[in-house]
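Below is one structure, written out as C-alpha cells; the observations come after it.
The values are calculated or read from the model by the stated rules, or taken from the named source; none is laboratory data. This is a predicted model, so every value here is computed, not measured. As a convention, Cβ positions derive from the backbone with ideal geometry for all residues, glycine included, and neighbour counts pool all protein chains shown. Just the protein is used for accessible areas: all its heavy atoms, side chains included, with ligands, DNA and RNA removed. Shrake-Rupley method; radii C 1.70, N 1.55, O 1.52, S 1.80 Å.
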Amino acid sequence: MNNEELKIKLTELIPSATFEEGAEWITFFVDSPNWKTIAQQLFSADGLNFNYLFCLTCIDWKTHFTMLYHLSSTIHRHTIVVKANLDRINPEIETVSDIWRTAEFHEREVYDLFGVIFLQHPDLRRLFMTDEWEGWPLRKDYEDPINMIKL
Amino acid sequence: MYRQTEIISDYSKVPSTGGDLGEAGDLVINIGPQHPSTHGVLHLVITLSGETIKNVEPHLGYIHRSIEKMCESLSYRQFIYVTSRMDYLSSHINNHGCALCVEKGLQIEIPERAKVIRVLMDELTRLASHQLWWGAMAMDVGALTPFFHAFREREAINDIMEETCGARLTMNYIVPGGVMADLHPDFQKHVKEFITLFKSKIDEYDELVTGNIIFQNRMKNVGYISKNDAISYGCTGPTARGSGVSCDIRKLYPYEVYNQLQFDEIIENSGDCFARYLVRMQEMRQSLSIVEQLIDNIPEGDFVAKTKAVLKLPKGEFYSRVETARGEFGVFIVSEGGTTPYRIKFRSPGFSNLSALNHMARGHKIGDLVAIMGTLDLVVPDIDR
C-alpha cells in the first residue's frame with residue numbers, strides 16, 4: 001500500500017488521529033489514553049497488519065514527553081510512526097508488550113532512562129541502571145556531577 | 001543486586017523477578033557477568049528445575065555508557081566515533097548507519113567511489129564478524145580448534161583494515177560525505193589474496209564443524225523460535241532469517257550500491273540453532289561474492305563529497321537503517337536545527353534479539369543455553385549502549 005492509500009485507510013480507522021506532514025513515513029499523533037485500543041487495531045486490521053515494532057523510544061521536550069512507535073508490516077512492507085504526547089509530571093501510558101513482545105524490553109528501557117510509567121507492564125523495573133539509582137538519565141534536566149555524561 | 005546462588009526452600013522469601021520462579025526445590029543460578037560463554041559482561045539469572053531451564057532473566061547495564069546521552073553533546077561529525085564502540089565487531093556498519101542518517105538530513109549525494117568503498121568495507125566487516133562468531137560458537141559447544149582457524153583468517157581481514165583505516169577494531173573510517181581517506185594502494189591486491197585464501201578455508205570450515213554429527217546433535221531442535229514469534233520479539237538478522245523471516249535491509253531497503261549487486265538473502269525455515277548457524281555460514285559466501293564483484297570495479301574519483309566544516313541538520317526527525325552482522329541497526333536523530341542532535345536513539349539488533357532468549361531457552365537443558373546464546377551472536381556493548 002502506498003502512503004496515500006495508507007493515510008486514507010488510517011483516517012477511516014482512527015478519526016481522532018492528527019497527521020504530521022513532511023516526514024519520510026506517515027506520522028500521526030494519538031491521544032495517550034486511546035493508544036492501547038488503536039495499537040490493537042493497527043496490529044490486526046486487514047490490510048494494515050503492523051506486526052513488527054522496530055523502534056520504540058521517547059523524546060523529552062522539556063514541557064512534555066513524546067512517545068514514538070515505529071511500526072512496520074512484514075506482510076505489506078509499509079511503515080508508520082505513531083506518536084503520543086505525555087504529561088511531564090505524571091508520564092503514563094498503557095503498555096503494548098502483549099501486542100508486540102519486543103516492547104517489554106524497550107518499555108523497560110524507556111522507563112529506566114525517562115521515568116515513563118507503562119501501565120499493566122508485566123515487569124517494570126530498571127534495566128540498565130541499578131535498582132537504587134535516583135533520577136532519569138535521559139531527561140534533559142538530569143545532572144550527575146559524579147558520573148559525567150555531558151562531554 | 002547480585003543474587004547469590006541458592007537453593008530455594010522458602011518460596012515466600014524469594015525476591016520477585018517478574019517471571020515465574022516455579023515451585024520449591026527450584027534452583028536459581030547466576031551465569032555471568034564474568035563468564036566465557038556470555039562473550040562480555042552479560043548477567044543471566046536462571047531458574048532451573050533439575051537441569052531444565054524454567055526462566056532466563058537477563059540483567060543488563062554492566063557496560064552501559066549512556067551513548068545516547070553522550071551524543072547529545074557531540075557534533076554531527078564527532079558522534080560517529082562513539083558508535084564504533086557499540087557493536088565493535090560491526091564498527092564500519094555502525095559508522096555507515098550514522099553517516100547515512102546525517103546525509104539524509106543534509107540531503108547530500110556521495111561520490112560513487114565512496115559508495116563502493118563503503119560496501120566493500122561493510123562486507124569485509126561482516127565476514128570478519130561471522131568468522132569470529134563461528135570460532136566462538138564452536139568453542140562454546142566444546143570444539144576449541146575452530147577458534148584458531150577463524151582467528152587466522154580474521155587476522156587477514158584485520159590487516160587489510162589496518163592498512164587503509166589505521167585501526168583494527170574501532171575503525172571510524174566512514175564519515176558523513178564519504179570515507180575518511182582513500183584506499184591503500186595495496187588494498188585490491190591484498191583483498192584478492194584474501195578471497196583466494198578464504199574460498200578454500202570456508203569449505204574447510206564446513207568440513208570441520210557443519211557436518212560434524214556431535215555438533216549437529218547440539219544444534220538441531222534446540223532454541224526453536226517460530227516465524228511469528230521472531231517478528232513479535234523484533235528479531236532481525238540471521239536470528240530471524242533462521243526462522244523464515246525475510247528481513248535483510250540490503251534487499252528490502254537497498255542503500256548505496258546494494259541494488260546493483262548479485263546476492264541472495266539467505267533464509268532457513270527450521271527456526272532452531274542449526275538454522276541460524278547455516279544462515280551465517282551461507283552469508284559468509286554471499287559476502288565473499290559481493291566483495292568479489294566489487295573489488296575490480298571500484299570507480300575512480302573523489303572518496304568524499306565536499307561538505308561544510310560544521311554540519312547543521314535542518315529541524316526534523318531522521319531515521320536510517322543498515323544491516324549489520326547481527327541484524328537491523330537503526331539510527332534515529334531528532335534535530336532542532338543546531339550543530340548537535342537534540343535526541344538520538346540507536347535501535348540495536350542485539351537488544352531485540354536478546355529479548356527472545358527466554359522464549360528460546362525455556363524447557364531446554366542448561367547446556368543448551370550456551371548453544372542458544374552462541375547462535376544469537378550477542379555483543380554486549382551493542383545491547384547496553
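General observations
- Residues of the range B:352-375 satisfying the condition of being within 18 Å of the chain's Cα centre (by Cα) and surrounded by 24 or more Cβ atoms within 10 Å (Cβ to Cβ): B:Ser352, B:Asn353, B:Leu354, B:Ala356, B:Ala371, B:Ile372, B:Met373, B:Gly374, B:Thr375
- Of all residues making up the range A:50-67, the number that are assigned to a loop (DSSP other than H, G, I, E, B) and facing chain B (nearest Cβ under 8 Å): 1
- Reported count of residues in the range A:28-52, each being over 22 Å from B:Gly234 (Cβ atoms) and of a type in the set (Phe, Trp, Tyr), is 1.
- The C-beta contact set for the range B:267-286 (first residue under 21 Å from B:Asn228 (Cβ atoms), second residue among the basic types (Lys, Arg), distance under 7 angstrom, 6+ apart or interchain) comprises B:Ile267/B:Arg241; B:Glu268/B:Arg241; B:Asp272/B:Lys220; B:Phe274/B:Lys220; B:Val279/B:Arg241.
- Among the residues of the range B:354-362, some residue qualifies, meaning at least one is touching a Cys at 6+ places or on another chain (Cβ under 8 Å) and in a loop (DSSP other than H, G, I, E, B).
- Residue match in the range A:134-148 (condition: open to solvent by less than 10 Å² (accessible area, probe 1.4 Å), more than 8 Å from chain B (Cβ to nearest Cβ) and not small (Gly, Ala, Ser)): no
- Scanning the range A:114-133 for residues that are at the interface with chain B (Cβ under 8 Å from one of its Cβ atoms) and either within 21 Å of A:Gln40 (Cα to Cα) or among the aliphatic types (A, V, I, L, M) (or both) returns A:Pro122, A:Asp123, A:Leu127, A:Met129.
- Listed by first and then second residue, the pairs with beta-carbon distance under 6 Å, at least 6 apart or on different chains, first residue in the range B:348-362 and facing chain A (nearest Cβ under 8 Å), second in a helix (DSSP H, G or I) and surrounded by 22 or more Cβ atoms within 10 Å (Cβ to Cβ), are B:Phe351/B:Ile383; B:Leu354/B:Ile383; B:Ser355/A:Phe105.
- Look at the range B:75-95: where a residue is free of Cβ contacts under 8 Å to residues at least 12 places away in the same chain, no partner that is open to solvent by 10 Å² or more (accessible area, probe 1.4 Å) sits 6+ places away or on another chain with Cβ atoms under 7 Å.
- Listed by first and then second residue, the pairs linking a residue in the range B:150-177 that is within 25 Å of B:Met139 (Cα to Cα) to a residue that is part of a loop (DSSP other than H, G, I, E, B), with Cβ atoms under 7 Å apart and 6 or more places separating them unless they lie on different chains, are B:Asn158/B:Arg168; B:Thr170/B:Ser84; B:Thr170/B:Arg85.
- The set of residues in the range B:170-208 that are open to solvent by less than 70 Å² (accessible area, probe 1.4 Å) and of a type in the set (Val, Ile, Thr) comprises B:Thr170, B:Ile174, B:Val175, B:Val179, B:Val191, B:Ile195, B:Ile202.
- Among the residues of the range B:219-247, those identified as touching a residue at least 40 places away in the same chain (Cβ under 8 Å), within 12 Å of chain A (Cβ to nearest Cβ) and buried (at least 21 other Cβ atoms within 10 Å of the Cβ) are B:Ile225, B:Ala230, B:Tyr233, B:Gly234, B:Cys235, B:Thr236, B:Ala240, B:Cys247.
- Selection within the range A:15-49: residues that are part of a strand (DSSP E or B) and touching a Lys or Arg at 6+ places or on another chain (Cβ under 9 Å). The member of this set that is nearest to A:Leu119 (Cα to Cα) is A:Val30.
- Of residues in the range B:252-304 being assigned to a loop (DSSP other than H, G, I, E, B) and in contact with a Pro (Cβ under 6 Å, 6 or more places away or on another chain), the one surrounded by the most Cβ atoms within 10 Å (Cβ to Cβ): B:Asp302
- A:His70 being in a loop (DSSP other than H, G, I, E, B) and either of a type outside the set (Phe, Trp, Tyr) or touching a Leu at 6+ places or on another chain (Cβ under 8 Å) (or both): no
- Selection count where residues are assigned to a helix (DSSP H, G or I) and closer than 16 Å to B:His64 by Cβ, scope the range A:102-150: 9
- Scope the range B:71-96; condition surrounded by fewer than 19 Cβ atoms within 10 Å (Cβ to Cβ), among the hydroxyl-bearing types (Ser, Thr, Tyr) and assigned to a loop (DSSP other than H, G, I, E, B); matching residues: B:Ser73, B:Ser75
- Residue match in the range A:15-36 (condition: touching an Asp or Glu at 6+ places or on another chain (Cβ under 6 Å) and within 13 Å of another protein chain (Cβ to nearest Cβ)): yes
- Wholly within the range B:148-233, helices (runs of 4 or more DSSP H) carrying at least 2 residues that are more than 21 Å from the chain's Cα centre (by Cα) and among the aromatic types (Phe, Trp, Tyr): B:187-205
- Qualifying residues in the range B:317-335 (those that are acidic (Asp, Glu) and at the interface with another protein chain (Cβ under 10 Å from one of its Cβ atoms)) - the one farthest from B:Cys101 (Cα to Cα): B:Glu328
Condition check ((1) out of contact with any helix residue (DSSP H, G or I) (no Cβ under 9 Å at 6 or more places or on another chain); (2) open to solvent by less than 10 Å² (accessible area, probe 1.4 Å); (3) within 20 Å of B:Asp229 (Cβ to Cβ); (4) basic (Lys, Arg)) across all residues:
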residue: A:Ile26; (1), (2), (3), (4): no, no, no, no
residue: A:Leu42; (1), (2), (3), (4): no, yes, yes, no
residue: A:Asn51; (1), (2), (3), (4): no, no, yes, no
residue: A:Tyr69; (1), (2), (3), (4): no, yes, yes, no
residue: A:Thr74; (1), (2), (3), (4): no, no, yes, no
residue: A:Val82; (1), (2), (3), (4): no, yes, no, no
residue: A:Asn85; (1), (2), (3), (4): no, no, no, no
